Amino acid sequence: MAATDLGYLERFCKGDRARMEKYICMYLNASPGLFAQLQERLSAGDAEALAVSAHSLRPQVNYMGAQGLFDLLTAIEHRARAEGAEACAAQVAEACDLNEKVMAELRSALGHP
């Protein structure tokens, strides 16, 4: 099953392929650092910063049509605030793994291996 559905991005960009590629490239460039930050905040045990990081990633993930990752980030945000950062360790690992799949699909959509 695909981790992304670029239909949303295509509608947002009104079918402009160059604009879509620009947004995909922006995601591919920013995403590794943003997910590393998510892991750092988990390691630091900072539940509020973890929740904020998860929340701030959601718009970019949404544009890429990565609904499963969007839902997971939403769950991390809520769980971090309710139960603390430590309770989110498995979900953060899952989100990072899923983001790797999202990035691979996006690179493929651009024609990059």
Please determine, by comparing only the residues of segment 84-108 that are more than 17 Å from the chain's Cα centre (by Cα) and touching a residue at least 24 places away in the same chain (Cβ under 8 Å), which one is surrounded by the most Cβ atoms within 10 Å (Cβ to Cβ). A85
Suppose the filter is of a type in the set (S, T, Y) and surrounded by fewer than 19 Cβ atoms within 10 Å (Cβ to Cβ); does T74 pass it? yes
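Is it the case, given these coordinates, that A75 is small (G, A, S), in contact with a Leu (Cβ under 7 Å, 6 or more places away or on another chain) and at pLDDT 95 or above?
Values: small (G, A, S): yes; in contact with a Leu (Cβ under 7 Å, 6 or more places away or on another chain): no; at pLDDT 95 or above: yes.
No: the conditions fail for A75.
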Could you tell me how many of the residues in segment 10-41 are in contact with a Cys (Cβ under 6 Å, 6 or more places away or on another chain) and crowded, with 17+ Cβ neighbours inside 10 Å? 2
Consider segment 54-71. How many of its residues are crowded, with 16+ Cβ neighbours inside 10 Å, assigned to a helix (DSSP H, G or I) and more than 9 Å from the chain's Cα centre (by Cα)? 3
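Looking only at residues that are closer than 17 Å to A95 by Cβ and among the small types (G, A, S) in segment 3-43, which one is nearest to the chain's Cα centre (by Cα)? Let's see the steps before the verdict.
Of all residues in segment 3-43, those closer than 17 Å to A95 by Cβ come to 3-4, 27-28, 30-43.
Cutting the leftovers down to among the small types (G, A, S) gives us 3, 30-31, 33, 36, 43.
On the way: A3: 11, A30: 10, S31: 7, G33: 11, A36: 11, S43: 18 Å.
Once the filter is applied, the top-ranked residue is S31.
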Could you tell me which residue of segment 93-113 is modelled with the lowest pLDDT, considering only residues that are among the hydrophobic types (A, V, I, L, M, F, W, C), under 19 Å from Y27 (Cβ atoms) and out of contact with any Asp or Glu (no Cβ under 7 Å at 6 or more places or on another chain)? A109
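The values are calculated or read from the model by the stated rules, or taken from the named source; none is laboratory data. These figures come from a predicted structure and were not determined experimentally. FYI the Cβ positions are ideal-geometry reconstructions off the backbone, even for glycines, and counts take in every protein chain you see.
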